[in-house]
């Protein structure tokens, strides 16, 4: 695992130390963003997120691509480390052991009421990771 990927995924394992936003788009390109902190990084490097019956889930059912924007620490400045983690949904599960584990995780780590509202567990493959801010290389004149 590259240092960038390793650091980006470690951020997801510490919900109290990062802010995360999931960006999705419908099949016809209508965008949506949602604050998401209930991410789990699996041993194979995939990311699992629990979702309620919301626009993010509807979009992912039409279009499996998304991006998770994660920023480390507070307060946020232009020097705050952060990443854009590009994702592709591998599975959307509305029942079964993955959803059960996701609900348990959300109930234990965040809020039992949020776990009750979770209707699907989405497993994503990471397709790319880019830094929050990419500065162009200085041009040589």
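The values are calculated or read from the model by the stated rules, or taken from the named source; none is laboratory data. Just so we're clear, the structure is a prediction, and the values are computed from it rather than from any experiment. A quick note on method: Cβ atoms are made from the backbone with ideal geometry, for glycine too, and the neighbour counts reach across all protein chains shown.
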Identify the single condition in (1) in contact with a helix residue (DSSP H, G or I) (Cβ under 7 Å, 6 or more places away or on another chain); (2) touching a residue at least 40 places away in the same chain (Cβ under 8 Å) that residue 124 does not satisfy, given that it satisfies every other one. (1)
Return the residues of the stretch 89-111 that are loosely packed, with under 15 Cβ neighbours inside 10 Å and within 14 Å of the chain's Cα centre (by Cα); say none if nothing qualifies. 90
Check whether at least one residue in the stretch 121-134 is more than 21 Å from residue 24 (Cα to Cα), over 16 Å from the mean Cα position of the chain (by Cα), part of a loop (DSSP other than H, G, I, E, B) and at pLDDT below 95, and report yes or no. yes
What are the residues in the stretch 98-111 that are touching a helix residue (DSSP H, G or I) at 6+ places or on another chain (Cβ under 8 Å) and either more than 18 Å from residue 13 (Cβ to Cβ) or part of a loop (DSSP other than H, G, I, E, B) (or both), if any? 103, 110
Evaluation of residue 37 against (1) closer than 18 Å to residue 129 by Cβ; (2) in a loop (DSSP other than H, G, I, E, B); (3) under 13 Å from the mean Cα position of the chain (by Cα) (one fails), failing number: (1)
Identify, by number, the condition in (1) in a loop (DSSP other than H, G, I, E, B); (2) more than 20 Å from residue 9 (Cβ to Cβ); (3) touching a residue at least 60 places away in the same chain (Cβ under 8 Å) that residue 95 doesn't meet. (3)
Counting only residues in the stretch 1-18 that are out of contact with any strand residue (DSSP E or B) (no Cβ under 6 Å at 6 or more places or on another chain) and either part of a helix (DSSP H, G or I) or modelled with pLDDT under 70 (or both), the one surrounded by the most Cβ atoms within 10 Å (Cβ to Cβ) is identified as 15
Tell me which residues, restricted to the stretch 52-70, are out of contact with any helix residue (DSSP H, G or I) (no Cβ under 6 Å at 6 or more places or on another chain) and surrounded by 18 or more Cβ atoms within 10 Å (Cβ to Cβ). 56, 57, 59, 60, 66, 67, 68
